[in-house]
1. Please list His205, His87, His23, His399 in order of solvent-accessible area, largest first, computed with a 1.4 Å probe with all protein chains present.
2. Amide H neighbours of Leu327 under 5 Å, at least 5 residues apart or on other chains, H built in the peptide plane: list them.
3. If you project the alpha carbons of the chain onto the principal axes, what extent comes out on each, in Å, largest first?
4. Just flag the trypsin sites (Lys or Arg not before Pro) in region 177-258 sitting in loop per DSSP whose Cβ has no more than 16 other Cβ atoms within 10 Å.
5. If I take every Cα pair under 8 Å that is 6 or more residues apart in the chain, average their sequence separation and divide by the length, what percent do I get for the relative contact order?
6. Report, by chain and number, residues whose modeled amide H sits under 5 Å from the one on Val359, excluding near sequence neighbours (fewer than 5 apart, same chain).
7. Could you work out the Kirkwood radius for region 1-132, taking every pair of different alpha carbons, averaging 1/r and inverting it, reported in Å?
8. Take the alpha-carbon positions of region 63-196, form their convex hull, and give its projected area averaged over all directions (one quarter of the hull surface) in nm².
Amino acid sequence: MLNLRDAFLHPDPPHIEFRAFTHGLMPKTVPDLMQAFTDDWAERGVDAWNRVPNHWRPDSGEIVGWWTLPEYLAEHFVAPLLQAPPHTCILQPNVHTTVQYLLSAPEVFATGRHVVITEAAFPSVQHSVKQWQDVFDLSLTVIPLTDAGFIDHAAVQEAITPETALVVLSHVGFTTGELLPTDVLRPIADAVHAQGGLFVMDGYHSVGSVPVDVQAIGADLYMGGLLKEACGSSGNAFVYIRKGLDLTPRMTGWFGDDDPFGFQPEPGVHPDVRRRFMGGTTAVASMYHAVEGVRILHEAGIANVRQHSLALTAQCIARADDAGMALRSPRPAERRGAMVILEVEAADRLCAYLKERGVYTDSRQQRYLRMAPFVWNTPEEVDRAFDIIAEALASGAYHNTRPETTAAAGPVT
Ligand SMILES: Cc1ncc(COP(=O)(O)O)c(C=O)c1O
């Protein structure tokens, strides 16, 4: 088993942190990196756009500056998480923005205006498509979930028509933790491609915790964020764009122009497609902490991270079974991401009860308890947490806890 506890900072007093599905613990190196940002700014001012010390790969001898950090960090830290070839990845501020860039590229709708998503798509995808639906005259198919609440892949496949321009799926569902395996995804990708459409994946909850191979999946774009299982913070998302895919987003900005400092009256198309997914001036500070979590995961090895995560979530499921809690996530390991969702009455109260006892989970709709023990957790912590859960369920005492009075209660993102 891994034990990467010491690679992260822990609050005082420490608690059992089971929320890797959201903004998790801070990597220990982040405070120094943030200090480096203020030092670079103070010492170099505007020249930092062209050159700063290479804090991210100090031994590489490579020149970096704020201007090129989005490609540089994505190339060296994100692309290996996706097994993506060189020059295909770039940092983005969030998934929402990536979706806007994508939808603004006329090539996307060159062969049709039909878009397929599922009911489980995150709002950054689902709302964006619906917001533009009437403007772009899109025909939208939203695939309902199966009775068990999972993705109906056969229905996704059947929904694809000659008019289909886009199919967008989450690699790991945020409400269930369901992982769509490559042998399910590849035929969908092939079917979309056969109609000239694009296959786009939202890998927010897979990247960092599940080995991903964007080429094996057949993804044209693979987007996600570094804030959750990738152990980062806000302001850092990314997109992979398949080599050869020539999109010209109209939402592009001067940071994506081919001659940004020419300040030409007419926009120019940047030769690097990744760079066309840039708008105005980038937020620099967030890039200093973007990949510290990813660095830890790479050093541990993603296969080891996955094995550790699966062992802990399997333990959660076994203990939940013993406690009579219903499982909302898939049971087979190969269908699970890093999180486990359990169904329990008054889940918000149980979540608050656990928090008061130093066990941090999350609840949704007063019905679901979400947990993702991760690389900083041990099997002993899972047992301790479930001892408390079993006691709470047996006595019913948690029903008396008032979530609204628990410190820092409320939904998490
Ligand atoms: C599947 C998925 N996609 C995207 C996001 C976040 O989107 P954005 O970066 O637009 O905030 C989340 C956040 O929870 C998510 O679970």
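The values are calculated or read from the model by the stated rules, or taken from the named source; none is laboratory data. As the structure is a prediction and not an experimental result, all values here were calculated from the model. Note that we place each Cβ from the backbone using ideal geometry, even for glycine, and neighbour counts take in every protein chain shown. Surface accessibility is based on the protein's heavy atoms, side chains included, excluding ligands, DNA and RNA. Shrake-Rupley method; radii C 1.70, N 1.55, O 1.52, S 1.80 Å.
1. Ranking His205, His87, His23, His399 by accessible area, largest first, yields His87, His23, His399, His205.
2. Excluding prolines and chain starts, which carry no amide H, the hits are Glu343.
3. For the chain, the Cα spread along each principal axis is 71, 56, 36 Å.
4. Within region 177-258, the qualifying trypsin sites (Lys or Arg not before Pro) (loop, at most 16 other Cβ atoms within 10 Å) are Lys243, Arg250.
5. 21
6. Hits under the 5 Å cutoff: Ile16.
7. 18.7
8. It is 9.3 nm².
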